[in-house]
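Report on the following structure.
We did not get these values from a lab; they are worked out from the coordinates using the rules stated. Source: prediction; values computed, not measured. So basically every Cβ, Gly included, is an ideal-geometry build from the backbone, and we count neighbours across all protein chains shown.
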Amino acid sequence: MMRGTNTLIGAVNFVTFLISIPILAGGIWLSAKANSTDCLRFLQWPLIIIGVAIMVISLMGFAGACYRLAWLLRLYLFAMFFVVTALLGFVVFAFAVTDRGQGQVVMNRAFLEYQLSDYSGWLKDRVSDPGYWAKISACLREGHACSKMTRYSRDPTTGLLVPESPDMFYRRNLSPIESGCCKPPTSCGYTYINETFWAAGAGMVVNDMDCTRWSNDQQSLCYQCDSCKAGVLASIRHSWRKVSVINIVVLIILVIVYVIGCAAFRNAKRADNDEPFGENRMSKSRPSRFQF
Ligand SMILES: *[C@@H]1O[C@H](CO)[C@@H](O)[C@H](O)[C@H]1NC(C)=O
């Protein structure tokens, strides 16, 4: 009698097992990306944990269905409920902490620039906390976040490799980290020499603390600038939004799976309760009461 139900739960769990793979992949993608650019290692953990949890839970449901273990199926539904709730919480949290903050368009520049005042809330406080920022900026420096943006072009007269011309640089698309951390803000009026070397202009207006924080020392650059913190926040926002799209799709599928699982389990239990006490299960063959 539980065969139909178990086949269904087994099949459904195979699907959830498959679902856990992209979640886990998303977490691992984030951690690989975090190491190279964002330097925020705490972000991928919620995803990896949820991915592993779904994987374990679906194996549990699969085993419960195969070996007809009602207690395991009950545990499975219970655990599944927690995972759905946690995933929902994570999606809401990810959108809530990244609700604000866009790059700013600058005149005659293809890249956007980032301002810390455009951001607010928990994530901003976390990133701009001095202790935490020291770790992030050290990681950016050690990861050579800025030296990767160096590009050369060949000088037509001498044939030597020289830095890109200012015009070419201004037409580039820079990542939020490159724009915020590797060059001074455009409004400071520095003159481009190469990507990470800028000469102070004649009548410079210092309208921004970041203008004085900028240093041509290749170990300092703008790593202490507010624009760098804003660049990191923009980068996180971008990654979290991408991952949240995966999570929303997964959440919808999991809710469907959960509803099917609950209905199947309830049917199985009702069928168990209907069974007359003391009946000889082994010898009696009965028609299946529940068709799936
Ligand atoms: C940029 O220019 C400065 C000064 O000319 C030079 O010391 C530095 O090596 C250059 N950086 C790169 C990446 O070419």
Cβ charges +1 (Lys, Arg) and -1 (Asp, Glu), total dipole of region 19-130, debye: 360
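Order of 229, 135, 124 from fewest to most other C-beta atoms within 10 Å? If you can, show how the numbers build up before the last one.
Numbers: 229 24, 135 13, 124 19.
Lowest count first: 135, 124, 229.
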Rounded to the nearest 20 Debye, what is the dipole magnitude of the chain about its Cα centre when Lys and Arg each give +1 and Asp and Glu each give -1 at the C-beta? 1340
For residue 104, what residues show an amide H to amide H distance below 5 Å, using hydrogens built from the backbone and excluding near sequence neighbours? 113, 114, 115
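When the helix-only estimate is applied to the chain (DSSP H runs of n ≥ 4, each -39,500 (n - 2.57), divided by the residue count), what is the mean residue ellipticity at 222 nm, nearest 500 deg cm²/dmol? All intermediate terms of the calculation are to be shown ahead of the outcome.
Working: 9 runs with 166 residues, N = 292.
When only DSSP H runs of four or more count, the value is -19500 deg cm²/dmol.
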Residue-wise, which Karplus ³J(HN,Hα) couplings in Hz belong to region 128-138, taking 6.51 cos²θ - 1.76 cosθ + 1.60, θ = phi - 60°, and x for glycine or proline? 8, 4, x, x, 6, 5, 4, 5, 5, 5, 5
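Looking at the calculated P(r) for the chain, what percent of the C-alpha pair distances fall above 25 Å? Before the final figure, lay out the partial values.
Details: 25395 of 42486 pairs.
More than 25 Å apart: 60 percent of the Cα pairs in the chain.
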Please list, in order along region 147-161, the HN-Hα scalar couplings obtained from phi with the Karplus expression 6.51 cos²θ - 1.76 cosθ + 1.60 (θ = phi - 60°), rounded to whole Hz, x for Gly and Pro. 5, 5, 8, 5, 9, 10, 10, 8, 5, x, 8, 8, x, 8, 7
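Compute the Rg/Rh shape ratio of region 105-232: radius of gyration over Kirkwood radius, all on alpha-carbon atoms. All intermediate terms of the calculation are to be shown ahead of the outcome.
On the way: Rg = 15.0 Å, Rh = 15.3 Å.
Radius of gyration relative to Kirkwood radius: 0.98.
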Using θ = phi - 60° and Karplus 6.51 cos²θ - 1.76 cosθ + 1.60, couplings along region 190-198 (whole Hz; Gly, Pro as x): 5, 9, 5, 10, 9, 3, 10, 9, 10
Can you sort 243, 249 by how many other beta carbons sit within 10 Å, fewest first? 249, 243
Between residue 262 and residue 122, what FRET efficiency follows from the Cβ-Cβ distance if R0 is 45 Å, with the result rounded to 0.05? 0.85
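For every other residue with a beta carbon closer than 12 angstrom to the beta carbon of residue 126, add +1 if it is Lys or Arg and -1 if Asp or Glu, then tell me the sum. List each step's numbers first, then the result.
On the way: positive: 124, 135, 229; negative: 125, 129.
Overall, the nearby charge balance is +1.
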Along the charge dipole of region 105-232, pointing to its positive end and built from +1/-1 on Cβ of Lys, Arg, Asp and Glu, which listed residue (187, 197, 214) has its Cα farthest out? 197
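Taking 8 Å as the Cα distance limit and 6 or more residues as the minimum spacing, I'd like the relative contact order of region 105-232 as a percentage.
Numbers: 186 pairs, mean separation 40.5, N = 128.
The normalised contact order for region 105-232 reaches 32 percent.
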Which value in nm describes the separation of the simple spin-label points at residue 253 and residue 209, placed 7 Å from the Cα toward the beta carbon? 4.6
Would you mind checking the tilt of helix 226-274 against the longest principal axis of the Cα atoms of the chain, expressed as 0 to 90 degrees and rounded to 10? 0
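Under a Cβ-Cβ cut-off of 13 Å, what is the net charge of the residues other than residue 77 that fall near it, where Lys and Arg count +1 and Asp and Glu count -1? Let's see the in-between values first.
Working: positive: 74, 266, 269; negative: none.
For residues surrounding residue 77, the net value is +3.
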Residues other than residue 174 with Cβ under 14 Å of its Cβ, Lys/Arg counted +1 and Asp/Glu -1, net out at +2
In the chain, if the dipole is taken from +1 on Lys/Arg beta carbons and -1 on Asp/Glu beta carbons about the Cα centre, which of 156, 111, 168 is farthest to the positive end? 111
Can you work out D for region 22-134 in µm² s⁻¹ from Stokes-Einstein, where Rh is the Kirkwood radius over C-alpha pairs, the temperature is 25 °C and the viscosity is 0.890 mPa s? 144
Amide H to amide H under 5 Å from residue 221: which residues, 5+ apart in sequence or cross-chain, H placed 1.01 Å off N in plane? 215
Relative exposure of 144, 238, judged by other C-beta atoms within 10 Å (fewest first): 144, 238
